[in-house]
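First comes the structure, then the notes that go with it.
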Amino acid sequence: MAAPMELFCWSGGWGLPSVDLDSLAVLTYARFTGAPLKVHKISNPWRSPSGTLPALRTSHGEVISVPHKIITHLRKEKYNADYDLSARQGADTLAFMSLLEEKLLPVLVHTFWIDTKNYVEVTRKWYAEAMPFPLNFFLPGRMQRQYMERLELLSGEHMPEDEEELEKEPQGCWPGMGLYREARECLTLLSQRLGSQKFFFGDAPASLDAFVFSYLALLLQAKLPSGKLQAHLRGLHNLCAYCTHILSLYFPWDGAEVPPPRQTPAGPETEEEPYRRRNQILSVLAGLAAMVGYALLSGIVSIQRATPARAPGTRALGMAEEDEEE
């Protein structure tokens, strides 16, 4: 019997099943299609088989870490949310996906990772509290730099760190200016296209709904201190109702805040619990390593060369810890 497919994604917060855009899109698509996935909601990307999130381990052991490729694999496994779409609807899907990536994605990245107030009070705060020690000290900053580089490639210049600058009209300056205005127009267009329908192509969700929901839900649910685009979205009532409908229908018991509550409910959603003791042990070992290092550097303790027999034992302990983590 083939092993089940496993999805590794960022854990939930802000009332959402995941706080990461790509993880949320893949999770939503999987729920739409009923794909039988064993989901690992984690806050340590190093526990992913690819070292990044999201990542899918297929039933044959292959690891896929690009969201669009994950969805393509699910389609090959007969979990296709676009099966009943017409050729015209398929073309509309491609057009709106391009619109999302060009107009809404840059502003969404800027809102959560570049805007100083939002990054410090919301984004970095969540990741620092969710990640295990010592990753929470350096990984959020590394992720922010990666997003900065991504936006600089898009705009061709260094992006300003507040949304007021991005709202200005692009008068021969950098392409980044005016992005917030274009993002508001994109949201308005999505609202007009959805109208009074449950989903963008009628009564059944498609892949476009998975991506639109992931963009809108993040912007809608986070408590942003600097959120003019969020205010514009909240004024588009059909898009707000659209997100609420998907959350209640497909994620009725997801979206727990991180860090998790003190209770230990029985069930598969408590995968982080076995690692609490390990994190405590790592904290103690880090303190001991600091003291030993100080003792060696200050000359209080010296080491002689005649200790070759300890290396195999140390290696065995390291491997045992890795096996236990997996």
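Given the options LYS228, LYS198, name the one that is modelled with pLDDT under 95, among the basic types (Lys, Arg) and farther than 16 Å from THR33 by Cβ. Reasoning before the result, please.
Working: LYS198 fails: modelled with pLDDT under 95.
Answer to the check: LYS228.
May I ask you to list the residues in the stretch 28-68 that are under 21 Å from ILE246 (Cα atoms), assigned to a strand (DSSP E or B) and β-branched (Val, Ile, Thr)?
Listed by number, the list holds a single entry, VAL39.
Please determine, by comparing only the residues of the stretch 89-148 that are in contact (Cβ under 8 Å) with a residue 40 or more places away in the chain and not in a helix (DSSP H, G or I), which one is most open to solvent (accessible area, probe 1.4 Å).
PHE133
I'd like the residue in the stretch 210-242 that is assigned to a loop (DSSP other than H, G, I, E, B) and in contact (Cβ under 8 Å) with a residue 40 or more places away in the chain and, out of all such residues, is nearest to ALA25 (Cα to Cα).
Step one: of the stretch 210-242, the residues assigned to a loop (DSSP other than H, G, I, E, B) are 222-227, 235-236.
When the remaining residues are screened for being in contact (Cβ under 8 Å) with a residue 40 or more places away in the chain, the result is 222-227, 236.
Working: ALA222: 16, LYS223: 20, LEU224: 21, PRO225: 25, SER226: 24, GLY227: 22, LEU236: 21 Å.
Result: ALA222.
Hey, ALA25 hits all of (1) part of a loop (DSSP other than H, G, I, E, B); (2) buried (at least 19 other Cβ atoms within 10 Å of the Cβ) but one; which does it fall short on?
Answer for ALA25: the failing condition is (1).
The values are calculated or read from the model by the stated rules, or taken from the named source; none is laboratory data. Only a predicted model underlies this, so the values are computations on that prediction, with no experimental measurement involved. Virtual Cβ from ideal backbone geometry, glycine too; neighbours counted across all protein chains shown. When the accessible area is computed, the model is the full protein with side chains, heavy atoms only, and any ligands, DNA or RNA have been set aside. Shrake-Rupley method; radii C 1.70, N 1.55, O 1.52, S 1.80 Å.
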